[in-house]
Each structure stands twice: as C-alpha cells, then as structure tokens.
Amino acid sequence: VPKVFFYPQNKEIEVASGENLLRAAMLAEVHINAPCGGDGTCGKCRVVIEKGTASKGLSAKLTTDEIAQGYCLACKTLIESDLVVRIPVESQLGDRRVLERELKASEKTFLASKDLKELVSSWRHEPPVKSYHFSLERPSLEDNVSDLDRLQRGLSKETGLENISADISLLRGLNEALRKGDWQVTVKVEHDEGRARLVSVTPALQKVANYGLAIDIGTTTISLELVDLDSGQVLAAASDYNAQISYGEDIISRIVYSLKSANLKRLQTLVIKTINKLIKEVLTKVEARAEDISYVVAAGNTTMAHLFLGVSPRYIREDPYIPAFSSITVEAGEVGLNLPEQVSVFLVPGRASYVGGDITAGVLGSGMFSSDKLTLYIDIGTNGEIVLGNADWLLACSCSAGSAFEGGSIKHGTRATRGAIEQVRIDPLTFEPMILTIGGTKPSGICGSGLIDTFAELFLSGLIDERGKFNLSSGTKRLRTVDSTAEYILVRATDADIARDIVITEGDLDNLMRAKAAIFAGINILLESVEMPIEAIERILIAGSFGRHIELDKAITIGLLPEIPSEKVEFVGNGSLLGSRLMLLSKEMKRKAKEVAKKMTYLELSTNSKFMDKYISALFLPHTNTNLFPGVMTQLRAHRSIVTKKVANNG
Ligand code: FES
C-alpha cells in the first residue's frame with residue numbers, strides 16, 4: 001500500500017494505489033487550495049512530487065520549467081508508489097492568525113463609534129435564556145410529588161411561568177442534582193415565543209454561568225463569539241477556515257459535491273468539527289465549561305445552513321431555487337455540537353436560496369432595518385448579496401460575482417492572508433508598481449483589495465483601456481505576452497515568496513470586470529425597481545472581511561461601487577456575527593429577524609432581462625455611462641494630463 005508523506009505539514013497517510021493525490025491530502029487533513037473542487041481548471045492545487053512515482057496531472061497552467069521541477073496538479077495526479085509531496089506556500093491555506101486579527105479589527109471598525117444600542121435604538125436586553133437560584137420545599141410523605149413536578153411548581157412560583165417542559169436528557173440527572181444541592185437549585189430556563197423549557201438544573205452550590213454563542217458559518221471562514229447573556233459582554237472570539245474548503249471554495253462546488261452519496265454527511269461533519277474546535281478554544285480562553293452555554297444563534301448563507309444540518313442543498317441550485325427550510329431551531333445534540341444536548345441552536349432565517357440568514361443578521365445588526373435613511377447593504381463574497389431599503393421596505397438580490405474578489409478565478413489570486421498583496425500603486429510614468437502585503441512579508445499572491453487596486457491603477461496609468469485590455473504599446477518591460485495572453489508583472493519571482501513571477505493576466509482582468517459589472521448591475525436593478533437614482537442613497541454599508549480592506553476610491557474608479565461621498569460609506573465588518581450577537585441578547589431582535597427575512601422582497605436576477613442589459617453596460621471602466629462617474633472622469637483627465645506634462649518636461 002503506498003504511503004504519501006506531505007510536508008511542511010509532516011503528515012503521512014496510506015492509500016490504495018491509483019488514489020487521487022488531492023483526495024489523499026484531504027484524508028491526511030492536509031489542506032491544498034482547490035477552488036474548482038478538483039475539476040482541473042483553476043490550476044491552484046499545485047504540488048511538487050519530490051520522491052516516488054505518480055501519473056502526474058499536467059496542464060497548461062504549469063510552465064515547462066515547473067513541470068521539470070516536479071510540479072503537477074494534485075487533483076489530476078494518481079498515486080503509484082510511496083510519495084514525498086511538498087505543498088508550496090501558494091497552495092496552502094493562509095495563516096489563521098490573520099483571521100483572528102480580522103475578527104478583532106472588523107469589530108473595532110464599526111463598533112468603535114457605535115455600540116449596539118446606538119445602531120439599533122429599540123434594542124432591549126432580554127436573552128432567551130435566564131437563570132434562577134431558589135430553594136424547593138423538601139419532599140415528605142405528605143408532599144410526595146415527583147422531582148420534576150416539585151421543580152416545576154417551584155419554578156412557577158419563582159418566575160410566574162407555567163407549563164415548563166423538560167427533555168429526557170435533563171431528567172436523567174434531575175434526581176441527583178436536586179438532592180446534591182439539598183433542594184437548592186440553579187435552573188436555566190429558555191422562554192421564548194410562548195414556550196418555556198428547562199435548559200439545565202444544577203445543585204445551587206455549583207457556580208453556573210449563562211453564556212451564549214454567536215456563530216457566523218461562512219463558506220470560507222467560521223467565526224464565533226462567546227457572549228455573557230446576563231451582562232451582554234463578549235468574553236472571547238475565535239475564527240478559522242471552514243474545513244469544507246478542501247471540497248471547493250464556492251457554494252456551487254459544495255452543492256455539487258454534496259450530491260454524491262456520503263458526501264453530504266462528510267461536509268456536515270467537517271463544519272461541525274470546525275465549530276467544535278472553535279467552541280473548545282473560546283471556552284479554554286475564559287476557563288469556562290460547555291455546561292455554561294445556554295443558547296446558540298448561528299447565521300450562514302442558505303447553503304451553509306443546509307450543510308450545517310446535513311440537509312441536502314440540491315434544490316437551491318435548480319430552478320426555481322427552493323431551499324428546504326428558511327428558519328429552524330434545533331438542539332445542539334441533534335447536529336453533533338459539543339454542548340449539552342438540549343441547548344437550542346437558532347438558525348437565523350434567510351429570505352431565499354441566495355440571500356441567507358447571514359444577510360438577515362447583517363441587516364438587523366447594522367441597524368438598517370430600523371433606520372429612516374435609504375441604505376444600501378452590500379456583502380461581497382463569492383456571491384454579491386445586496387439589500388436596498390430602510391425601516392419601511394427592503395429589497396434584496398444576489399448577483400453571482402464569481403469568486404474573483406476572493407482570488408478564486410484569478411491566476412495569482414489568494415485569500416486575505418499573510419503575504420497577500422493588499423495595496424498596489426503603479427507609477428504612471430515608469431509603470432513600476434509599489435506593493436504592500438498583509439503582515440509585511442514576501443508576497444505570495446493578490447487578495448481582493450489588492451486586485452481592485454491593481455485594476456484601478458492599471459486603468460489610471462493608462463496600461464489598460466476602458467475595456468480592460470492591455471495597451472501593449474506602452475513600452476514597459478512589466479508587460480509581456482505569454483501563450484498569446486498579455487500580462488502585467490506585479491512582482492518578479494526573485495522578490496516573491498513563490499518560485500514564479502506574480503502577474504495579473506488579461507483573463508484575470510476579464511474576470512474582475514465581470515464580477516464588478518454583476519455587482520454594479522445588481523445595485524442598479526434594485527434602484528431602478530423602486531425608481532430611485534443613485535443620488536437617493538443616503539448610506540452604503542459594506543459587510544464582510546473583504547469590504548474592510550478595499551479602498552473606496554479604487555472601488556469607485558473601477559465602477560464596482562457607485563460614486564457617492566466617502567462619508568456616506570461605512571464598513572460593517574462581520575454583519576452576520578453582529579446580528580447573531582444581537583439576537584442572543586434580545587428575544588425581540590430574534591423576532592425582528594424573522595420579520596426582516598419576511599419583509600425582504602427578493603428579486604431573482606437570473607431571469608431578469610433588464611439585469612443583462614445593465615450588466616453589459618457595466619462591462620466597461622468605469623461604466624459605459626460616464627455621467628454616472630463624474631469624479632472618476634475628472635481624476636482620469638488629471639492623471640493623464642500629469643503624465644503628458646511630465647513627459648513633455650522630461651523631453
Ligand atoms: S485544478 Fe486542481 S483543484 Fe482546480
């Protein structure tokens with residue numbers, strides 16, 4: 001049986017001869033980037049076979065030199081003998097410490113100036129679970145009702161609540177708990193929507209905390225907060241990549257993967273595994289126990305919500321795009337979370353297959369739902385979800401922007417992780433770039449904000465035209481043509497953390513153009529359907545970790561966002577987590593979330609003929625209608641005239 005050794009992870013696994021190398025890596029829990037889910041088209045699962053024989057997956061994505069060095073595509077490589085496989089840095093998962101930094105930073109961005117109270121004026125602190133300490137009457141021959149009846153009687157006296165139900169898992173320890181505390185108890189009761197149930201019963205001498213978890217189940221990243229339900233304080237936070245990433249980076253590839261037998265279960269196990277790891281981490285940070293957790297609110301896009309429950313997301317992808325459910329409360333034990341089994345997990349309702357609970361939570365957490373201002377809420381990920389509206393009405397759509405802004409369909413695209421190029425300037429005279437990476441380390445790829453910067457700077461410097469095509473007569477050595485595709489060299493191999501030049505190709509620019517056009521067309525369709533002009537927008541809220549890094553003026557230069565004054569734009573950070581926390585602390589906000597989801601009118605763009613027209617008009621820099629971008633046009637003229645003057649002076 002062949003053994004495959006992966007390094008630098010130093011993990012080894014035995015597999016059958018003929019096994020696919022990408023699958024072997026997954027089994028060994030070694031992550032290899034695979035945005036196309038093993039289709040052989042993205043070229044990102046590059047590995048180097050240093051020892052052993054394999055039928056190598058070669059492709060036009062690899063140069064002759066790289067092939068000579070042993071590079072191959074893991075997804076198309078079949079194992080034939082013992083192997084030693086090196087995973088180069090560009091194929092590895094990013095450093096998760098950066099995610100932690102992101103989590104903290106994104107909270108600061110939005111909450112430094114506003115706390116939840118200010119965001120959502122009507123917010124009242126009233127968590128779904130409360131704890132009570134009290135004494136029960138001792139049993140006697142005269143008063144010989146059952147332990148549960150006695151407890152319910154005591155609780156009713158204490159809280160005024162009737163018909164408090166108890167799960168079997170709780171009954172199993174009830175008699176001992178009551179006697180151990182000598183009939184003094186601490187009881188946690190969940191009371192919501194007219195239903196009351198026991199969450200835990202502990203002898204009174206034992207200290208019990210009343211904590212909750214807010215979870216954002218992202219396609220790429222899962223973030224979690226441990227919140228004290230009594231004080232409202234966030235005690236700890238943690239974040240990590242969703243372990244499902246190894247099975248495709250976007251929603252569609254996860255759905256496709258889940259259709260094969262046993263794969264649905266595997267995807268569910270992976271997401272639960274990631275969440276359990278994060279639960280352990282936050283509990284350890286504050287020396288708490290799983291029993292301290294009384295309630296969970298989780299939000300994710302509709303596909304992630306299905307996979308979290310192990311429900312097939314098959315029909316999300318098929319016309320008329322119907323999800324199996326929109327909102328549900330389950331018990332932690334039913335989904336395999338390492339918490340007391342009867343703890344309730346509330347999944348935030350979504351509006352449609354492509355506008356999920358994460359967007360509902362964002363609309364809630366950002367206060368948009370209760371504001372009089374006409375607000376545009378944008379969450380840019382693999383899908384661009386957009387909501388327009390105010391306290392009276394909400395209109396939502398989702399544009400499949402592709403994964404370009406997450407680096408997915410970009411040759412050297414990467415996530416926002418250490419070594420990712422996040423800022424770019426191109427000198428308009430010399431066409432030389434200046435770059436900044438996350439963590440200030442050697443560059444290994446370009447993340448979303450870096451891609452927007454590069455696109456805008458190439459345009460401003462005149463290296464590309466309005467259609468996003470390279471101007472090959474510019475005379476710079478930074479521009480070259482490889483296999484009849486023009487590309488700009490952003491970083492030479494000698495300066496990079498990967499053994500090749502980091503470039504942006506004309507194909508990458510096409511993908512970015514399509515992605516930005518889809519978002520802009522989506523914004524336009526929403527505005528048009530309520531007959532409002534761009535100027536009517538009073539506030540833009542940009543959610544998601546991607547949003548936090550982008551430079552607003554660059555996003556406007558390429559026509560991704562409409563041209564509106566920067567003081568009207570705010571970065572929300574993780575809106576999904578923010579809203580989930582709010583729901584943990586307020587039953588009323590949970591109810592509001594249901595209302596928000598119902599209130600959102602969803603516009604399906606795939607069947608909207610006007611969307612296609614708007615999209616085509618936006619396949620231009622900044623847009624075919626330059627009147628929409630007067631500021632960008634002025635900037636462009638100024639930029640070009642500086643170049644002309646400098647050239648004349650130098651001449
Ligand atoms: S080419 Fe191998 S995963 Fe995309």
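Residues whose amide H comes within less than 5 Å of that of ASN471, counting only those at least five positions distant or on another chain, are ILE464, ASP465 (H built at 1.01 Å from N in the peptide plane).
Carbon-plus-sulfur accessible fraction, the stretch 548-651 (probe radius 1.4 Å, protein heavy atoms only): 55%. Counting 0.36 nm for each residue step from ASP495 to THR626 and taking away their Cα separation leaves a gain of 43.3 nm.
Here the label points at THR284 and ALA638, each 7 Å from Cα along the C-beta direction, are separated by 5.2 nm in the simple model. The mean sequence separation of alpha-carbon pairs under 8 Å and at least six residues apart, normalised by the residue count of the chain, gives a relative contact order of 12 percent. Packing-based ranking of 160-172, 436-448 yields 436-448, 160-172, ordered from highest to lowest mean Cβ neighbour count within 10 Å.
Bridging of LYS280 to aspartates and glutamates at a Cα separation below 15 Å is possible for GLU225, ASP240, GLU291, ASP292, once same-chain residues fewer than 8 apart are set aside.
When the surface is traced with a 1.4 Å probe over the full set of protein chains, ASP495 keeps roughly 90 Å² accessible.
Restricting the calculation to Cα atoms, the chain yields a radius of gyration followed by a Dmax of 27.2, 109 Å. Between the Cα long axis of helix 168-180 and the first principal axis of the chain there is an angle of about 50°, rounded to the nearest 10.
Taking a 32 Å limit on the Cα-Cα distance, which of the listed pairs LYS130/LYS373; LYS516/LYS568; LYS3/LYS265; LYS51/LYS285; LYS61/LYS260 fall beyond it?
LYS130/LYS373; LYS51/LYS285, as the Cα separations exceed 32 Å there.
In sequence order, the stretch 272-281 has phi-based couplings of 5, 4, 4, 5, 4, 5, 5, 4, 4, 5 Hz under the Karplus curve 6.51 cos²θ - 1.76 cosθ + 1.60, θ = phi - 60°, and Gly or Pro positions carry x. Projected label points at ALA60 and ALA16, each 7 Å from Cα along the beta carbon direction, are separated by 3.4 nanometres. Determine, from the Cβ-Cβ distance of SER566 and THR607 and an R0 of 45 Å, the FRET efficiency 1/(1 + (r/R0)^6), rounded to the nearest 0.05. Rounded to the nearest 0.05, the efficiency is 0.80. Restricting the calculation to Cα atoms, the stretch 562-651 shows an Rg/Rh of 1.22 when the hydrodynamic-style radius is the Kirkwood one. Sparsely packed loop sites in the stretch 464-564 (the GluC sites (Glu not before Pro) outside DSSP H, G, I, E and B with at most 16 other Cβ atoms within 10 Å) comprise GLU466, GLU531, GLU538, GLU551. Close amide H pairs (under 5 Å, H built 1.01 Å from N) link GLY413 with ILE446, residues at least 5 positions away or on another chain. Can you list the residues, at least 5 places off or on another chain, whose amide H is less than 5 Å from the amide H of VAL491, using H built in the peptide plane? Result for VAL491 returns ILE502.
Computed from Cα positions, the angle between helix 147-159 and the longest principal axis of the chain comes to roughly 70 degrees.
Can you give me the % of accessible surface on the stretch 442-484 that is carbon or sulfur? Probe 1.4 Å, all protein chains present, nothing else counted.
Working: 710 of 1600 Å².
About 45 percent, which is the carbon plus sulfur part of the accessible surface.
For the stretch 536-544, the Karplus equation 6.51 cos²θ - 1.76 cosθ + 1.60, evaluated at θ = phi - 60°, returns couplings of 6, 5, 9, 7, 10, 10, 10, 9, x Hz by residue, with Gly and Pro reported as x. Give the percent of DSSP beta bridges with both residues in the stretch 260-348 that are antiparallel, rounded to the nearest 5. Taking every DSSP beta bridge with both residues in the stretch 260-348, the antiparallel ones total about 50 percent. The angle between the Cα long axis of helix 96-111 and the main principal axis of the chain comes to about 80°, on a 0 to 90 degree scale. What the stretch 391-479 shows is 34 Å² of accessible area per residue, with the surface traced by a 1.4 Å probe over protein heavy atoms. Split the accessible area of the stretch 144-301 by element, probe 1.4 Å, and carbon with sulfur accounts for 50%. What the Cα convex hull of the stretch 418-574 gives, in volume per residue, is 124 Å³.
When only alpha carbons are used to place a centre, the stretch 142-178 and the stretch 16-66 end up 59 Å from one another. In this rough spin-label picture, where each label sits 7 Å from Cα along the Cβ direction, the ALA536-LEU436 distance is 3.8 nm. Loop only by DSSP, 15 or fewer other Cβ within 10 Å of the Cβ. Give me the GluC sites (Glu not before Pro) in the stretch 4-57 that pass, ordered by residue number. Of the GluC sites (Glu not before Pro), the ones in loops of the stretch 4-57 whose Cβ has at most 15 other Cβ atoms within 10 Å are GLU29. For the stretch 498-613, the convex hull spanned by the alpha carbon atoms encloses 170 Å³ per residue.
For the stretch 24-97, the solvent-accessible area works out to 42 Å² per residue, with a probe of 1.4 Å and every protein chain left in place. Rolling a 1.4 Å probe over the protein heavy atoms leaves TYR211 with an accessible area of roughly 40 Å². In order along the stretch 443-453, the phi-based Karplus estimate (6.51 cos²θ - 1.76 cosθ + 1.60, θ = phi - 60°) of 3J(HN,Hα) comes to x, 10, x, 10, 8, x, 5, x, 5, 5, 4 Hz; Gly and Pro are listed as x. In whole percents, the pair-distance distribution calculated for the stretch 389-497 from its alpha-carbon pairs, binned every 10 Å from zero, is 14, 40, 30, 10, 5, 1. Note on surface exposure: MET600, MET26 rank MET26, MET600 by accessible area, highest first, 1.4 Å probe.
Mind checking the stretch 252-319 for GluC sites (Glu not before Pro) that DSSP puts in a loop (not H, G, I, E or B) and that have at most 11 other Cβ atoms within 10 Å?
Of the GluC sites (Glu not before Pro), the ones in loops of the stretch 252-319 whose Cβ has at most 11 other Cβ atoms within 10 Å are GLU287, GLU318.
For the chain, adding -39500 (n - 2.57) for each run of n ≥ 4 DSSP H residues and dividing by the number of residues yields -10000 deg cm²/dmol at 222 nm.
For ILE328 and GLU158 in one chain, what is 0.36 nm times their gap in residues minus the Cα-Cα distance, to one decimal in nm?
My answer for the length gained is 58.2 nm.
Across all Cα pairs in the stretch 446-511, the calculated P(r) in 10 Å bins from zero up to the longest distance comes to 21, 57, 22, 1 percent per bin.
Quote to one decimal, in nm, the extra length available between ASP182 and ARG86 on full extension: 0.36 nm per residue of separation minus the C-alpha distance between them.
Details: separation 96, 0.36 × 96 = 34.56 nm, distance 6.18 nm.
Here the answer is 28.4 nm.
The values are calculated or read from the model by the stated rules, or taken from the named source; none is laboratory data. Since this is a predicted model, take the numbers as computed values, not measurements. Please note: Cβ atoms are built from the backbone with ideal geometry, for glycine as well, and neighbour counts cover all protein chains shown. Surface areas here come from the heavy atoms of the whole protein model, side chains and all, with no ligands, DNA or RNA. Shrake-Rupley method; radii C 1.70, N 1.55, O 1.52, S 1.80 Å.
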